Amino acid sequence: MKETGIINHIEIYVSNLEKTRLFWETLLIQNLGYKIYQQWGNGISFILNETYIVFVQAKKIVLEYNRTRVGLNHLAFTVPTNKIRSQLLKFKYKELYAEQYPHAGGTESYALYFEDPDRIKVEVVSKK
(Lines give C-alpha, C1' and ligand atoms only; values in the text may rest on other atoms or scores of the structure.)
Protein backbone atom coordinates (compact mmCIF):
# COMPACT_ATOMS: atom_id res chain seq x y z
CA MET A 1 0.00 0.00 0.00
CA LYS A 2 1.24 3.46 -0.86
CA GLU A 3 2.03 5.88 1.95
CA THR A 4 -0.49 8.63 2.53
CA GLY A 5 0.80 12.08 1.66
CA ILE A 6 3.74 10.98 -0.50
CA ILE A 7 3.75 12.80 -3.83
CA ASN A 8 2.60 10.37 -6.52
CA HIS A 9 3.98 12.32 -9.47
CA ILE A 10 4.87 15.71 -10.87
CA GLU A 11 4.25 16.49 -14.55
CA ILE A 12 6.07 19.27 -16.37
CA TYR A 13 5.52 20.38 -19.96
CA VAL A 14 8.77 21.34 -21.69
CA SER A 15 9.86 23.26 -24.78
CA ASN A 16 12.45 20.72 -25.99
CA LEU A 17 12.11 17.14 -24.74
CA GLU A 18 15.55 16.08 -26.00
CA LYS A 19 17.41 18.84 -24.10
CA THR A 20 15.23 18.35 -21.04
CA ARG A 21 15.85 14.60 -21.06
CA LEU A 22 19.64 15.07 -21.14
CA PHE A 23 19.57 17.44 -18.15
CA TRP A 24 17.21 15.35 -16.03
CA GLU A 25 18.85 12.00 -16.86
CA THR A 26 22.18 13.45 -15.72
CA LEU A 27 20.67 14.63 -12.45
CA LEU A 28 18.10 11.96 -11.66
CA ILE A 29 19.60 8.74 -13.02
CA GLN A 30 23.32 9.36 -12.70
CA ASN A 31 23.16 11.05 -9.32
CA LEU A 32 19.92 10.49 -7.45
CA GLY A 33 19.00 6.84 -8.04
CA TYR A 34 15.97 7.35 -10.29
CA LYS A 35 15.19 4.99 -13.17
CA ILE A 36 13.35 5.52 -16.42
CA TYR A 37 9.74 4.60 -15.68
CA GLN A 38 7.82 5.27 -18.90
CA GLN A 39 8.72 6.49 -22.40
CA TRP A 40 6.51 7.45 -25.31
CA GLY A 41 6.81 9.64 -28.41
CA ASN A 42 6.39 12.96 -26.64
CA GLY A 43 7.36 12.19 -23.06
CA ILE A 44 9.41 10.39 -20.46
CA SER A 45 9.10 9.74 -16.75
CA PHE A 46 11.63 8.89 -14.05
CA ILE A 47 10.77 7.03 -10.84
CA LEU A 48 12.26 6.68 -7.36
CA ASN A 49 10.35 4.50 -4.92
CA GLU A 50 6.70 5.56 -5.29
CA THR A 51 7.23 9.02 -6.78
CA TYR A 52 7.78 9.75 -10.43
CA ILE A 53 8.49 12.89 -12.46
CA VAL A 54 7.03 13.26 -15.96
CA PHE A 55 8.30 15.50 -18.76
CA VAL A 56 6.08 16.04 -21.79
CA GLN A 57 6.85 17.92 -25.00
CA ALA A 58 4.53 20.93 -25.07
CA LYS A 59 2.45 21.42 -28.20
CA LYS A 60 2.15 25.16 -27.69
CA ILE A 61 5.51 26.69 -26.90
CA VAL A 62 5.23 30.11 -25.33
CA LEU A 63 8.38 30.81 -23.36
CA GLU A 64 6.85 32.86 -20.58
CA TYR A 65 7.95 30.76 -17.60
CA ASN A 66 9.19 32.93 -14.76
CA ARG A 67 9.79 31.33 -11.37
CA THR A 68 9.20 34.65 -9.60
CA ARG A 69 5.56 34.72 -10.74
CA VAL A 70 2.70 32.64 -9.41
CA GLY A 71 3.41 28.94 -9.96
CA LEU A 72 6.33 26.61 -9.51
CA ASN A 73 9.46 28.25 -8.10
CA HIS A 74 11.79 25.26 -7.94
CA LEU A 75 12.24 21.55 -7.29
CA ALA A 76 14.63 20.48 -4.51
CA PHE A 77 16.31 17.11 -4.05
CA THR A 78 18.20 15.74 -1.05
CA VAL A 79 21.56 14.02 -1.52
CA PRO A 80 23.97 12.55 1.07
CA THR A 81 26.86 14.56 -0.40
CA ASN A 82 26.89 17.15 -3.13
CA LYS A 83 29.19 15.98 -5.96
CA ILE A 84 26.96 17.07 -8.83
CA ARG A 85 28.28 20.59 -9.44
CA SER A 86 31.25 19.74 -11.67
CA GLN A 87 29.16 17.35 -13.73
CA LEU A 88 26.47 19.95 -14.48
CA LEU A 89 29.04 22.67 -15.16
CA LYS A 90 30.74 20.36 -17.66
CA PHE A 91 27.51 20.33 -19.69
CA LYS A 92 27.34 24.15 -19.40
CA TYR A 93 24.06 24.26 -17.48
CA LYS A 94 23.49 27.61 -15.79
CA GLU A 95 24.42 27.63 -12.11
CA LEU A 96 22.50 30.05 -9.90
CA TYR A 97 24.00 31.81 -6.86
CA ALA A 98 27.48 30.49 -7.73
CA GLU A 99 29.12 33.20 -5.63
CA GLN A 100 27.33 31.83 -2.54
CA TYR A 101 28.09 28.14 -3.18
CA PRO A 102 28.09 25.90 -1.15
CA HIS A 103 25.94 27.79 1.38
CA ALA A 104 23.43 29.52 -0.92
CA GLY A 105 20.63 27.93 1.13
CA GLY A 106 22.11 28.96 4.50
CA THR A 107 24.97 27.89 6.74
CA GLU A 108 23.27 24.68 7.94
CA SER A 109 23.35 22.95 4.57
CA TYR A 110 25.23 22.62 1.32
CA ALA A 111 23.05 23.77 -1.56
CA LEU A 112 23.57 23.84 -5.29
CA TYR A 113 21.18 25.60 -7.67
CA PHE A 114 20.92 25.19 -11.44
CA GLU A 115 18.42 25.94 -14.18
CA ASP A 116 17.11 23.21 -16.42
CA PRO A 117 16.76 23.93 -20.18
CA ASP A 118 13.42 25.72 -19.58
CA ARG A 119 14.88 27.78 -16.71
CA ILE A 120 13.16 25.79 -13.95
CA LYS A 121 15.28 26.19 -10.83
CA VAL A 122 16.61 22.92 -9.43
CA GLU A 123 18.13 22.71 -5.95
CA VAL A 124 20.34 19.90 -4.74
CA VAL A 125 20.84 20.03 -0.99
CA SER A 126 22.74 18.04 1.62
CA LYS A 127 22.92 18.65 5.34
CA LYS A 128 26.23 19.31 7.05
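The values are calculated or read from the model by the stated rules, or taken from the named source; none is laboratory data. These figures come from a predicted structure and were not determined experimentally. As a convention, Cβ positions derive from the backbone with ideal geometry for all residues, glycine included, and neighbour counts pool all protein chains shown. These area figures cover heavy atoms from the full protein model, side chains too; ligands, DNA and RNA do not enter into them. Shrake-Rupley method; radii C 1.70, N 1.55, O 1.52, S 1.80 Å.
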Original post:
Ignoring ligands, DNA and RNA, what percent of the accessible area of the range 50-128 is carbon or sulfur (1.4 Å)?
Top reply: 54
Original post:
Pairs of lysine in the range 7-94 with Cα under 19 Å and at least 8 positions apart or on different chains: total?
Top reply: 8
Original post:
Based only on Cα atoms, what Rg/Rh ratio does the chain have, Rh being taken as Kirkwood's radius?
Top reply: 0.96
**OP:** Pull out a ≥ b ≥ c, the square roots of the eigenvalues of the alpha-carbon gyration tensor of the range 31-90, then state rounded if a/c is under 1.5, prolate if not and a/b is larger than b/c, and oblate in the remaining case.
**Re:** oblate
Original post:
So what are the ³J(HN,Hα) numbers for the range 6-19, from phi and the Karplus equation (6.51, -1.76, 1.60; θ = phi - 60°), rounded to whole Hz, Gly and Pro as x?
Top reply: 6, 5, 6, 7, 10, 10, 10, 7, 10, 7, 8, 4, 4, 5
Original post:
Averaged per residue, what accessible surface does the chain expose to a 1.4 Å probe, in Å²?
Top reply: 64
Original post:
So what are the ³J(HN,Hα) numbers for the range 83-100, from phi and the Karplus equation (6.51, -1.76, 1.60; θ = phi - 60°), rounded to whole Hz, Gly and Pro as x?
Top reply: 10, 8, 4, 5, 5, 5, 5, 4, 8, 6, 6, 6, 7, 9, 6, 4, 5, 9
Original post:
Can you give the net charge of the other residues whose Cβ lies under 11 Å from the Cβ of I12, counting K and R as +1 and D and E as -1?
Top reply: -3
**OP:** Please sort by residue number the GluC sites (Glu not before Pro) in the range 1-102 whose DSSP state is loop and whose Cβ has at most 11 other Cβ atoms within 10 Å.
**Re:** E3, E50, E64
Subject >> Estimated 222 nm signal from helices in the chain, with DSSP H stretches of n ≥ 4 weighted -39500 (n - 2.57), rounded to 500 >> reply: -2500 deg cm²/dmol
Subject >> Accessible surface, 1.4 Å probe, highest first, among residues T68, T107, T51 >> reply: T68, T107, T51
Original post:
Restricting attention to the range 1-99, which trypsin sites (Lys or Arg not before Pro) occupy a DSSP loop and are surrounded by at most 14 other Cβ atoms within 10 Å?
Top reply: K2, K59, K60, R67, R69, K83, K92, K94
